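The values are calculated or read from the model by the stated rules, or taken from the named source; none is laboratory data. These numbers come from a predicted model, not from an experiment. Quick reminder, even Gly has a Cβ in these numbers, built from the backbone with ideal geometry, and neighbours come from all protein chains shown. Remember, those area values only see protein heavy atoms, side chains included, never the ligands or the DNA or RNA. Shrake-Rupley method; radii C 1.70, N 1.55, O 1.52, S 1.80 Å.
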Amino acid sequence: MNTVGLTDLLPGRYINYNGEIITKEKAEQIVASGECPVLYTVSDAYIEAALNDLSRSRKAGEEARDFCESDLHAHRVIYWNIFKINDDYIAAVTQEQAVQHHLKAVGSHYYSEGEEPVVEVIPAEQKGRFECGDGRGFDEMSFGEWLVDFKYSGPQLLCWNE
(Lines give C-alpha, C1' and ligand atoms only; values in the text may rest on other atoms or scores of the structure.)
Protein backbone atom coordinates (compact mmCIF):
# COMPACT_ATOMS: atom_id res chain seq x y z
CA MET A 1 0.00 0.00 0.00
CA ASN A 2 1.26 3.47 -0.84
CA THR A 3 1.22 6.46 1.46
CA VAL A 4 0.21 10.09 0.93
CA GLY A 5 0.64 13.13 3.15
CA LEU A 6 -2.49 14.74 4.55
CA THR A 7 -1.18 18.12 3.39
CA ASP A 8 -0.79 16.73 -0.16
CA LEU A 9 -4.50 15.91 -0.49
CA LEU A 10 -6.85 18.30 -2.25
CA PRO A 11 -9.54 20.09 -0.20
CA GLY A 12 -12.68 18.00 0.21
CA ARG A 13 -10.90 14.68 -0.41
CA TYR A 14 -12.63 11.78 1.31
CA ILE A 15 -10.84 9.85 4.05
CA ASN A 16 -11.72 6.65 5.89
CA TYR A 17 -11.60 7.30 9.63
CA ASN A 18 -12.49 4.14 11.57
CA GLY A 19 -15.00 3.11 8.89
CA GLU A 20 -16.58 6.58 8.73
CA ILE A 21 -16.10 8.68 5.59
CA ILE A 22 -14.93 12.20 6.44
CA THR A 23 -13.30 15.03 4.50
CA LYS A 24 -9.68 16.10 4.60
CA GLU A 25 -10.71 19.17 6.59
CA LYS A 26 -12.42 17.06 9.28
CA ALA A 27 -9.31 14.82 9.44
CA GLU A 28 -7.17 17.93 9.98
CA GLN A 29 -9.44 18.96 12.87
CA ILE A 30 -9.17 15.49 14.43
CA VAL A 31 -5.37 15.54 14.20
CA ALA A 32 -5.22 19.13 15.54
CA SER A 33 -7.22 17.99 18.58
CA GLY A 34 -4.34 15.66 19.49
CA GLU A 35 -5.91 12.41 18.35
CA CYS A 36 -3.58 10.00 16.49
CA PRO A 37 -5.92 8.09 14.13
CA VAL A 38 -5.10 5.63 11.36
CA LEU A 39 -6.41 7.22 8.14
CA TYR A 40 -6.82 5.97 4.57
CA THR A 41 -7.93 7.72 1.40
CA VAL A 42 -11.20 6.67 -0.20
CA SER A 43 -10.54 6.06 -3.89
CA ASP A 44 -12.79 7.16 -6.72
CA ALA A 45 -13.04 3.49 -7.76
CA TYR A 46 -14.40 2.61 -4.30
CA ILE A 47 -16.96 5.42 -4.38
CA GLU A 48 -18.05 4.33 -7.87
CA ALA A 49 -18.42 0.69 -6.74
CA ALA A 50 -20.48 1.72 -3.70
CA LEU A 51 -22.80 3.89 -5.78
CA ASN A 52 -23.20 1.17 -8.42
CA ASP A 53 -24.07 -1.34 -5.69
CA LEU A 54 -26.68 1.02 -4.23
CA SER A 55 -28.13 1.70 -7.68
CA ARG A 56 -28.31 -2.04 -8.44
CA SER A 57 -30.09 -2.70 -5.11
CA ARG A 58 -32.66 0.02 -5.73
CA LYS A 59 -33.36 -1.13 -9.29
CA ALA A 60 -33.87 -4.68 -8.00
CA GLY A 61 -36.25 -3.41 -5.30
CA GLU A 62 -33.91 -4.59 -2.54
CA GLU A 63 -33.30 -2.76 0.69
CA ALA A 64 -30.02 -0.84 0.70
CA ARG A 65 -27.25 -2.49 2.68
CA ASP A 66 -23.86 -1.42 3.94
CA PHE A 67 -21.17 -1.55 1.27
CA CYS A 68 -18.30 -3.52 2.79
CA GLU A 69 -15.83 -4.17 -0.02
CA SER A 70 -12.11 -3.51 0.33
CA ASP A 71 -10.72 -0.35 -1.22
CA LEU A 72 -7.84 -1.75 -3.25
CA HIS A 73 -6.79 1.74 -4.38
CA ALA A 74 -6.66 3.36 -0.94
CA HIS A 75 -3.51 5.05 0.34
CA ARG A 76 -2.39 5.31 3.94
CA VAL A 77 -2.63 8.97 4.99
CA ILE A 78 0.35 10.28 6.90
CA TYR A 79 -0.25 13.45 8.91
CA TRP A 80 3.01 13.32 10.83
CA ASN A 81 6.47 13.98 9.44
CA ILE A 82 9.77 12.16 9.54
CA PHE A 83 12.52 14.33 10.98
CA LYS A 84 16.21 13.49 10.89
CA ILE A 85 18.05 14.97 13.87
CA ASN A 86 21.72 13.97 13.86
CA ASP A 87 21.44 10.24 13.15
CA ASP A 88 17.98 9.80 14.69
CA TYR A 89 14.80 9.56 12.62
CA ILE A 90 11.81 10.75 14.63
CA ALA A 91 8.10 10.74 13.77
CA ALA A 92 6.30 13.89 14.96
CA VAL A 93 3.63 16.27 13.73
CA THR A 94 5.86 19.34 14.16
CA GLN A 95 9.59 20.05 14.14
CA GLU A 96 9.32 21.40 17.69
CA GLN A 97 7.87 18.09 18.91
CA ALA A 98 10.67 16.16 17.19
CA VAL A 99 13.39 18.35 18.68
CA GLN A 100 11.89 18.07 22.18
CA HIS A 101 11.70 14.28 21.84
CA HIS A 102 15.32 14.18 20.67
CA LEU A 103 16.56 16.44 23.49
CA LYS A 104 14.73 14.34 26.08
CA ALA A 105 16.43 11.21 24.71
CA VAL A 106 20.00 12.55 24.44
CA GLY A 107 19.97 14.66 27.60
CA SER A 108 20.19 18.37 28.19
CA HIS A 109 24.02 18.46 28.13
CA TYR A 110 24.42 16.84 24.69
CA TYR A 111 24.71 20.21 22.93
CA SER A 112 26.95 23.12 23.87
CA GLU A 113 25.32 26.32 25.03
CA GLY A 114 23.78 28.07 22.02
CA GLU A 115 24.21 24.99 19.80
CA GLU A 116 21.06 23.74 18.09
CA PRO A 117 20.47 20.33 16.56
CA VAL A 118 20.36 20.20 12.76
CA VAL A 119 16.89 19.12 11.66
CA GLU A 120 15.98 17.76 8.24
CA VAL A 121 12.50 16.77 7.04
CA ILE A 122 12.61 13.41 5.27
CA PRO A 123 10.00 12.92 2.51
CA ALA A 124 8.10 9.62 2.63
CA GLU A 125 9.32 8.89 -0.93
CA GLN A 126 12.99 9.03 0.11
CA LYS A 127 14.70 5.67 -0.22
CA GLY A 128 16.60 4.11 2.63
CA ARG A 129 18.18 0.81 3.63
CA PHE A 130 16.29 -0.89 6.41
CA GLU A 131 17.36 -3.96 8.33
CA CYS A 132 15.26 -7.02 7.49
CA GLY A 133 12.92 -8.28 10.17
CA ASP A 134 14.97 -11.45 10.57
CA GLY A 135 18.17 -9.44 11.06
CA ARG A 136 19.75 -10.88 7.90
CA GLY A 137 20.73 -8.02 5.65
CA PHE A 138 18.95 -4.93 4.46
CA ASP A 139 16.09 -4.06 2.12
CA GLU A 140 16.00 -0.85 0.09
CA MET A 141 12.61 0.85 0.12
CA SER A 142 11.05 4.25 0.70
CA PHE A 143 10.36 5.47 4.21
CA GLY A 144 6.65 5.45 3.29
CA GLU A 145 6.80 1.77 2.30
CA TRP A 146 8.72 0.93 5.45
CA LEU A 147 6.23 2.81 7.66
CA VAL A 148 2.99 1.80 5.93
CA ASP A 149 1.80 -0.22 8.97
CA PHE A 150 3.25 2.21 11.54
CA LYS A 151 0.73 3.40 14.11
CA TYR A 152 1.57 6.96 15.13
CA SER A 153 0.84 7.58 18.81
CA GLY A 154 2.90 10.71 19.38
CA PRO A 155 6.51 11.76 18.82
CA GLN A 156 8.75 8.70 18.75
CA LEU A 157 12.07 7.42 17.53
CA LEU A 158 11.70 5.40 14.32
CA CYS A 159 15.29 4.36 13.65
CA TRP A 160 18.85 5.60 13.71
CA ASN A 161 22.11 5.24 11.82
CA GLU A 162 25.13 3.90 13.61
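Annotations for the structure displayed:
- Rounded tilt (10° steps) of 95-106 against the dominant C-alpha axis of the chain: 50
- Whole-Å distance, taken between Cα centres, linking segment 111-132 and segment 1-41: 25
- Around GLU48: net Lys/Arg minus Asp/Glu count, Cβ-Cβ under 15 Å: -3
- Solvent accessible area, Å² - GLU25, 1.4 Å probe, full protein context: 70
- Two-site label geometry, SER43 and CYS132: point separation in nm, points 7 Å out along Cα→Cβ: 3.0
- Averaged over its residues, the chain has an accessible area of 66 Å² per residue, based on protein heavy atoms and a 1.4 Å probe.
- Label assignment, volume of the Cα convex hull per residue in Å³ derived from the structure, set (1) 610; (2) 116; (3) 141: (3)
- Distance in nm between pseudo-label sites at ASP149 and ASP8 (7 Å out along the Cβ direction from Cα): 2.2
- Prolate is the label for segment 7-100. Its Cα gyration tensor axes, ordered a ≥ b ≥ c, give a/c of at least 1.5 and a/b above b/c.
- Residue with peak Gaussian network fluctuation, the chain [Cα springs, cutoff 10 Å], from ALA45, ALA98, ALA124: ALA45
- Each of the chymotrypsin sites (Phe, Trp or Tyr not before Pro) that DSSP puts in a loop and that has at most 16 other Cβ atoms within 10 Å breaks the chain; the longest unbroken stretch is 1-66.
- Computed over segment 45-162: relative contact order in percent, which uses C-alpha pairs under 8 Å that are six or more apart: 26
- FRET efficiency, 1/(1 + (r/R0)^6) with R0 45 Å, evaluated for LYS59 and GLU125 via beta carbons: 0.55
- Projected label distance in nm at ALA105 and MET1, using a 7 Å step from Cα toward the beta-carbon: 2.5
- The apolar share of the surface of the chain, taken as the fraction of accessible area on carbon and sulfur atoms (1.4 Å probe, ligands and nucleic acids excluded), comes to 48 percent.
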